[in-house]
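Nothing in this text is a laboratory measurement; each read-out follows from the coordinates by a stated rule. Owing to the predicted nature of the structure, the values given are computational and were not obtained by experimental measurement. Note that we place each Cβ from the backbone using ideal geometry, even for glycine, and neighbour counts take in every protein chain shown.
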Amino acid sequence: MNELRELFHTKAAEVPCYDVGGQVLRAARRRRRVVRGVPVAALAGVLAVVGVVAATGPFGGSVPIVAADRPAVAVSLPWLPAIVGEDDGEAVPLPTDRAVGAGSVLYGRCAPPCAPRLVTEDGREYELPGPEAKSPAAPRVPTLSPDGRWLSYPDAGGRYVLRDLTDVRTVPTGTRRVIGWSADSRWAALADATDEDVTALLSPGDAREVPMTLPTDEQRPLAGLTRDGGAVFGTTEARADDAPVELRMIDANGATRTARVDTSDLLGPDRELSGFPVLAADGTTVLFQVMRMRDGLASPGDVVRVDLADGSVDARFRLPVGDADVRPGQAVGGHETGPSGGQHRQLVSALAEGAVLVHWQGALPYAVEVLDLRSGDREAITRVADGVVWLRVRGQTG
């Protein structure tokens, strides 16, 4: 029961409130501690992450550290609004007979029966349909593709559909939901709504499916994909040692290649490497978060970049900690103080523009930021209005 209680607290602070119970029960079957990631999918080949480490070695070592504290003037997310959730009035239902344009973000103000809302690139808001009663077969987990074109959500009957927001086309997926995307949005990974195991890969453009069946011992949460068809699966167990993380690449023919990540001088006391890596949009590097452990609970910290070719760690992006931070829209130097404790930045997506972070204050989202993976510069792009309890940006599925 202690483990289950721990999982509830951790998940409640980091996932949309409408699906905390379902995610906790799935996570409890998989791992001792929950850390977060952004799953995506691929057509062939599999990269499996088969190790997660609790650090005991010296902190820092030879890994280059980049202070992510300068404004990221070279990158932006122009499709994101300046503020999410400012309008708390009624929204127009998502029309089924016309295009609405690419989506930018999904959010909600409370658990069901509150319906999720979709914000499109032009700033319009639409209310999504959904099942009248939440059931284990259809948790309400809407998802946007990295390009914002495709939306996966449960309809009023509790069956999932994949909707082209730039058209009126839909691809029914039944009880299967999208749990991952390819970086170019050409492929989506499907899993049963009550589980996290990939069963098929779907090409939304032509509704073509490619079955994906993994061995029982390879049923790990899907985390990312390479453009040529590899996928990254996160491990399900945290280990209290400094054994290396092993990246195992398996192609469609079953051939494997292994790259090891030596974390012995990467992490400090009470630190772990997240079990859910996020594949960068270039398909050549993987992003992890260093998890800060306190009282048995994990809080996301710095972002670490690993080269897939040889497993070398080529950068550690130092994210700020503390209760004060610049809020989007304020003058340079203006700060707001958030509630004490629970403040962290969560890596939720890796797009062409950079890594996307959600800045949390306690259990509530506070802002959306972009991290330039070339320079390490970081910029607050979107402020989250009071009353919003969860949000999801493009490419975010977990």
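Data overview
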quantity	calculated
Val389 long-range amide H proximity, modeled H, under 5 Å	Gly108, Arg109, Cys110
Fewest-first ranking of Val245, Val168, using other Cβ atoms within 10 Å as the exposure measure	Val168, Val245
Residue-by-residue Karplus 3J(HN,Hα) for the range 85-92, coefficients 6.51, -1.76, 1.60, Hz, glycine and proline x	x, 5, 8, 9, x, 6, 9, 6
Residues with amide H under 5 Å from that of Ser312, placed H, sequence gap 5 or more	Asp307
Karplus-derived HN-Hα couplings along the range 190-197 (A = 6.51, B = -1.76, C = 1.60, θ = phi - 60°), whole Hz, x at Gly and Pro	10, 9, 4, 4, 9, 9, 10, 8
Ser349 long-range amide H proximity, modeled H, under 5 Å	Val356
Neighbour-count ranking [beta-carbon atoms within 10 angstrom, fewest first] of Arg394, Arg149, Arg316, Arg98	Arg98, Arg149, Arg316, Arg394
For the range 344-398, alpha-carbon Rg over 2.2 N^0.38 Å	1.08
